[in-house]
Amino acid sequence: DTAVSQTPKYLVTQMGNDKSIKCEQNLGHDTMYWYKQDSKKFLKIMFSYNNKELIINETVPNRFSPKSPDKAHLNLHINSLELGDSAVYFCASRRAYRGEQYFGPGTRLTVT
Amino acid sequence: DQQVKQNSPSLSVQEGRISILNCDYTNSMFDYFLWYKKYPAEGPTFLISISSIKDKNEDGRFTVFLNKSAKHLSLHIVPSQPGDSAVYFCAADLAGGTSYGKLTFGQGTILTVHP
């Protein structure tokens, strides 16, 4: 009965590879987010989709591309992975434009 | 340009006592504030929030206080329990909901509650 789930939980890959992280929420929320927690532990927003429409696109390298096939899913695809992409990536969702966001368990990406 | 700051990286408290976690912000356009708790290898879990029209919000052992003139909020946990040991993040949202939920997070405070 996980509300927001992410796969995989851990991802180890080499520089230059392309990888995807999947996120699904079963809360019926309209808005979903991707956050990155870097080595200094800051949580920073990357993208947000509302009903499959991109509404937040922070200054993120264009190697990162979110895709929302439906409002319950928001995937993150990363091309040409770099060492600096190593971080924990969190997916989150929210019902409307105000209120708390519910986070997934995170995906720890390690680029070697 | 860190708009939300948690200046105490860590806090250690005895079980049963009060834990006070602090957060400062610089952007006067923030009008909605949230506290999250995070255990290792898990995602942040929502604890409590407060709108700028209030100065206090309570939920069980958790109370959040907001001082808009000082641009400061605090989370009080009374009584503290060992299970409260976690990283606590404060987050802020912009006025009117026009940010679409673009939360700005502080860097977190590690709370340790000793039995």
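The values are calculated or read from the model by the stated rules, or taken from the named source; none is laboratory data. On a predicted model such as this, the values are computed, not experimentally measured, just so you know. All Cβ positions, glycine included, derive from the backbone under ideal geometry; neighbour counts span all protein chains shown. Side chains included, ligands, DNA and RNA excluded: accessible areas come from the protein's heavy atoms. Shrake-Rupley method; radii C 1.70, N 1.55, O 1.52, S 1.80 Å.
Observations on the structure shown:
- Scalar couplings 3J(HN,Hα) for the range A:66-83, obtained by applying the Karplus form with A = 6.51, B = -1.76, C = 1.60 to θ = phi - 60°, are x, 9, 10, x, 7, 6, 8, 10, 9, 9, 10, 10, 10, 9, 6, 4, 10, 4 Hz; x denotes Gly and Pro.
- Area hidden from solvent between A and B (accessible, protein heavy atoms only, 1.4 Å, total, Å²): 1800 Å²
- The Cα-based radius of gyration and maximum Cα-Cα distance (Dmax) for chain B are 13.6, 44 Å.
- Among the listed pairs B:K68/B:K102; A:K22/B:K5; A:K52/B:K37; B:K71/B:K102; A:K36/B:K37, those whose Cα-Cα separation exceeds 22 Å are A:K22/B:K5; A:K52/B:K37.
- Distance from the C-alpha centroid of the range A:90-112 to that of the range A:1-77: 7 Å, rounded to the whole angstrom.
- Derived scalar couplings ³J(HN,Hα) [the range B:3-13; Karplus, 6.51 cos²θ - 1.76 cosθ + 1.60; whole Hz; x for Gly, Pro]: 7, 10, 10, 10, 7, 9, x, 8, 8, 10, 9
- Annotation for the range B:1-50 versus the range B:59-115: alpha-carbon center distance of 3 Å.
- Long-range HN-HN contacts of B:Q2 with modeled amide H, under 5 Å: none
- Kirkwood Rh and Cα Rg combined as Rg over Rh, evaluated for the protein assembly as shown: 0.97
- Largest mean-square fluctuation among A:F64, A:F47, A:F90, in a Gaussian network model of chain A whose springs join Cα atoms under 10 Å apart, belongs to A:F64.
- Averaged over peptide B:41-54, the number of partner chain Cβ atoms lying within 10 Å of each residue's Cβ comes to 4.
- Kirkwood Rh in Å, taken over all unlike Cα pairs in chain A: 13.9 Å
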